[in-house]
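Structure, as structure tokens:
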Amino acid sequence: MRARQPAFLGWLLGLLLCSLPPVLAQAEVLTVVGEHAPPYRIMQDKACRGLYCDTMQAIARRAGFELRYVQVPMARALMMMEHGQADLMLGPNRTPERERYMVFLEAAFPPARKVFYQRLDKPLLRSYADLAGKVVSVERGKRFFEPFDSDTALVKDLVSDPRIALRKVAMGRSDAALIPEELGDWLLREDAMELVKAPWAIEGRASHIAFSIASPRIKWRPAIEQAFAEMAREGELQAIYAQYR
């Protein structure tokens, strides 16, 4: 009996191995590109949290794919989307120019109001006419509202980061910084800058989830739309948003 024991154990091991489920295929990875812009995208190393990223992580879990985050300035992110070097952006506004290379999903985040941040010792902006002769710092690649975006008579100081825009205002090198309100408020708290909001502000537009048209992973669009709609019905979206308000 002892001589037959190894053969029996080998047979038993083979039986156990055959009964195990097959190894699951590795989940497909979608590349999300964007800038650090709290509370929407709080990016650190290769991770991201925040209103947009938490929502997208929940969608990915429901749909069955994984996410990889790449942090770059806004202008660079748009270029990567145009050339198919990234799959997704979280939160861009829809414009005719961007629709040439991005597909904007119905899944959209709450509109973000645009605010002019100024020093209290400067004349505060109260209307579009007050922009004449003023230097307004804005992030390169961003779109805010018309006619501001296409008005070539205005003096726009293009910067690579919204934090730089606020600092230039604080140092008196710019008259105002135009930034989404939640982002501007967050950065002011972080840097303890004493700036104020102009009485005149611009109501925001929907901020979308967008695919690069060149992405082969655009096939995930229906699953993303479905997961987003389910999260809205079940209250998960509202719970995520409430954490960053």
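The values are calculated or read from the model by the stated rules, or taken from the named source; none is laboratory data. The model shown is predicted, which means the values in this text are computed figures rather than measured ones. Heads up, the Cβs are rebuilt from the backbone with ideal geometry, glycines too, and the neighbour counts pull from every protein chain shown. In case anyone asks, the SASA skips ligands and DNA or RNA and just uses the protein heavy atoms, side chains included. Shrake-Rupley method; radii C 1.70, N 1.55, O 1.52, S 1.80 Å.
Report, in listed order, any pair from K46/K219; K114/K219; K142/K168; K46/K114; K46/K156 with a Cα-Cα distance greater than 26 Å.
Result: K114/K219; K46/K114; K46/K156 exceed 26 Å.
Grab the DSSP H runs of the chain that are 4 residues or longer, score each as -39,500 (n - 2.57), total them, divide by all residues and round the 222 nm result to the nearest 500 deg cm²/dmol. Write out the running numbers ahead of the final one.
Details: 7 runs with 78 residues, N = 245.
Computed mean residue ellipticity for the chain: -9500 deg cm²/dmol.
Quick one: accessible surface of S160, probe radius 1.4 Å, all protein chains present, in square angstrom to the nearest 10.
Near enough 60 Å² of accessible area.
Show which aspartates and glutamates lie in cross-link reach of K134 when reach means a straight Cα distance below 19 angstrom and same-chain residues fewer than eight apart are skipped.
D121, E146, D149, D151, D157, D175
I'm a student and want to see the number: the projected area of the Cα convex hull of the stretch 39-138, averaged over all directions, in nm².
Computed as one quarter of the Cα hull surface, the answer is 9.0 nm².
Using +1 at the Cβ of each Lys and Arg and -1 at the Cβ of each Asp and Glu in the chain, identify which of A165, Y244, I179 lies farthest towards the dipole's positive end.
Comparing the listed Cα positions along the dipole, Y244 ranks first.
Could you tell me what percent of the DSSP beta bridges with both partners in the chain are antiparallel, to the nearest 5?
Looking only at bridges with both residues in the chain, the antiparallel portion is about 60 percent.
Expected output is a single nm value to one decimal: the length gained when fully extending between D191 and E66, i.e. 0.36 nm times separation in residues minus the C-alpha distance. What is it? All intermediate terms of the calculation are to be shown ahead of the outcome.
Working: separation 125, 0.36 × 125 = 45.00 nm, distance 3.35 nm.
Computed gain between D191 and E66 is 41.7 nm.
Determine the share of the stretch 127-245's accessible area contributed by carbon and sulfur atoms, expressed in whole percent, with a 1.4 angstrom probe.
C and S fraction of accessible area: 53 percent.
How many angstrom lie between the C-alpha centres of the stretch 71-109 and the stretch 166-192?
25 Å
For the stretch 104-202, what Kirkwood radius comes out of the mean inverse Cα-Cα distance, in Å?
Here the Kirkwood hydrodynamic radius works out to 13.7 Å.
Hand me the trypsin sites (Lys or Arg not before Pro) from the stretch 42-140 located in a DSSP loop with no more than 12 other Cβ atoms within 10 Å, in residue order please.
Here the trypsin sites (Lys or Arg not before Pro) that fit, given the DSSP loop and packing criteria, are K46, R126.
If you add up the charges near L166, with Lys and Arg at +1 and Asp and Glu at -1, over every other residue whose beta carbon is less than 13 angstrom from its beta carbon, what do you get?
With Lys, Arg at +1 and Asp, Glu at -1, the neighbours total -2.
Within the chain, which is the longest segment containing none of the GluC sites (Glu not before Pro) that sit in a DSSP loop and have at most 15 other Cβ atoms within 10 Å?
Maximal segment without exposed cleavage sites: 98-193.
What net charge do the residues around L78 carry, taking every other residue with its C-beta under 12 Å from that of L78, with Lys and Arg at +1 and Asp and Glu at -1?
On the way: positive: R76, R98, R100, R140, K142, R143; negative: E35, E82, E97, E139.
Net local charge, L78 excluded: +2.
Please compute, for the alpha-carbon atoms of the stretch 183-235, the extent along each of the three principal axes and give them in descending order in Å.
Answer, in whole Å and largest first: 46, 31, 24 Å.
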